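A short worksheet on the structure shown next.
The values are calculated or read from the model by the stated rules, or taken from the named source; none is laboratory data. Source: prediction; values computed, not measured. Every residue, glycine among them, receives a Cβ derived from its backbone with ideal geometry; neighbour counts consider all protein chains shown. Each accessible area value is taken on the protein alone, full model and side chains, heavy atoms only, with ligands, DNA and RNA left out. Shrake-Rupley method; radii C 1.70, N 1.55, O 1.52, S 1.80 Å.
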Amino acid sequence: QVACVELVEAYVDRIKEVNPLINALVKDRFEEALQEARQVDKLLSEGPGDDCLEEKFPLLGVPITVKEAFSLYGMPNTSGLVNRRNVIATSDAAVVSRLKQAGAIPLGVTNCSELCMWYESSNRVYGRTNNPYDLQRIVGGSSGGEGSVLAAACSVIGVGSDIGGSIRMPAFFNGVFGHKPTTGVVPNEGQFPLAHGVRSSFLCTGPMCRYAEDLEPVLRVMAGPGVSKLKLDEKVSLEKIKFHCMDHDGGSIFVSAVDKEILQVQKKVVEHLESDLGVRVQRVAIHKMKYSFQIWSAMMLSNDREGQEAQRFTDLLGDHGKPVWPLWELVKWLVGMSSHTLPAIALGLTEKLLNLNLSGKAKLVSMGKSLQEEMEALLGPDGVLLYPSHPTIAPKHHSPICMPFNFAYTAIFNVLGLPVTQCPLGLGSEGLPLGIQLVAAAYNDHLTLAVARYLEKAFGGWVLPGKV
């Protein structure tokens, strides 16, 4: 119905209109995208039947954006690190290549936090990205540019990655959908920094979209042959799902209490499921979730099966040069001389402290493995857990420094290897997005995706910023 060139032009115009305010897209490839759109229109005008094209190119002509941490040929690939400022990708990351082969058209790359390890997307290369619902609020991290660009209707599909909630926090703060797949299904190759050792089983690449129905087709493309491990062709009967609900982590001293509005909307979800589907949502209290931050930290720093140590964050900050000394960088930061952000320096300091307590670390790793078994037993083949996405709605800029461990609400599911879909649930009293995490046992991504589609119909899904 619409020529691909018209479609791409509409998105380019939209980006030009709002990006000066949100600073989400940090480098565009508009000319190349328009050229690719012309080729799509040519193909459609002279090509074979629609069915054949749809099978071969399921995302033909669909505009997408890519987190800058992923290689996209000809685009920068700094991950917000100043000493990578001149790095230009000479190839495509595995998922980017698959999306392009499926016909998608990348419009450019989006902002992230420095080295993708903080939940505010701000760095010394591109500056800070703003939330389209309130420019004084954060977009989350590390795939924050993607969350912002999608929420502002500047893109159809986003490529994100997630090792502690980096898809789900931006999706939550910006009121869009995001999916962290079961570990090991979608390839992570071609992003910087690439996880090594034990962390390679915590890092997940996944889709971010405005509409729930788009998650599954994009996941199929991203997963490639790995999609056979998932049950995406299985029909889901929502009435037969065993729903569980947890209001908070049990009261960790490291994280904020959950906001009233987040608890209220979760209660509404429970009531709706029970009245509309006739199911009983089981309230659960999983004691070990109280130690989510400690478990995630310990497991991130643990050795893999071969005994290989986890890569140190301070080495990554040096990017194959001299390792960075966090205390010295802090001194430099205080006088405006450091090329690193304060959260990155703080993370380097925290890492050193955590590595001092080896016996405590081993105990926490053991607790994490026990929690994984408990969670898999609870969820089984047909269970979905409703759990808050974050203790607070999108905070104001810089305030995450005061509560640095709030990301534990998403991070715990990375080390447990479980699939999670982040689902928006409309806007709260301040006009900021609300949402919920939907969690299933490993390889049961089809359950969380089905529930997300259902809740989108019930609660309205994505809301255009400025509409209300």
Three-way shape call for region 357-468 based on the alpha-carbon gyration tensor, with the a/c threshold at 1.5: oblate
Net charge over other residues, Cβ less than 14 angstrom from the Cβ of Gly226 (K, R count +1; D, E count -1): +2
DSSP-defined beta bridges in region 4-459 - what % are antiparallel, rounded to 5: 70
Per-residue SASA entry for Glu17, accessible area with 1.4 Å probe, Å² rounded to 10: 120
Label-point separation, Arg280 to Val82 (7 Å along Cα→Cβ), nm: 6.0
Proximal aspartates and glutamates to Lys260, defined as alpha-carbon separation beneath 16 angstrom and excluding residues fewer than eight positions away on the same chain: Asp247, Asp249, Glu430
Modelled FRET efficiency - R0 51 Å, Glu46 with His196, Cβ distances, 0.05 increments: 0.60
For region 3-102: relative contact order, % (alpha-carbon pairs under 8 angstrom, 6 or more apart): 22
Peptide ranges 401-411, 368-378 listed from the most packed, as the mean C-beta count within 10 angstrom indicates: 401-411, 368-378
Surface per residue (accessible, 1.4 Å probe) for region 4-459, Å²: 40
Accessible area of Leu455 in the full protein assembly, 1.4 Å probe (Å², nearest 10): 0
Accessible surface of the chain [probe 1.4 Å, protein heavy atoms]: carbon and sulfur percent: 54
Check: the chain dipole with +1 on Lys, Arg Cβ and -1 on Asp, Glu Cβ, in debye: 1260
Relative contact order [Cα under 8 Å, 6+ residues apart], the chain, whole percent: 18
Dipole of the chain [Lys/Arg +1, Asp/Glu -1 at C-beta], most positive-end residue of Thr90, His340, Val221: His340
Value of [θ]222 nm, deg cm²/dmol, for the chain, DSSP H segments ≥ 4, -39500 (n - 2.57) each, nearest 500: -11000 deg cm²/dmol
Burial ranking of peptide ranges 136-146, 90-100 (average Cβ count within 10 Å, highest at the top): 136-146, 90-100
Relative contact order %, region 112-262, counting alpha carbon pairs below 8 Å whose residues are six or more apart: 17
Lysines whose Cα lies under 25 Å from that of Lys42, excluding same-chain neighbours fewer than 8 positions away: Lys56, Lys100
Under 19 Å from the Cα of Lys16 - lysines, other chains or at least 8 residues apart: Lys27, Lys67
Solvent-accessible area of Lys288 with every protein chain in place, 1.4 Å probe, in Å² to the nearest 10: 50
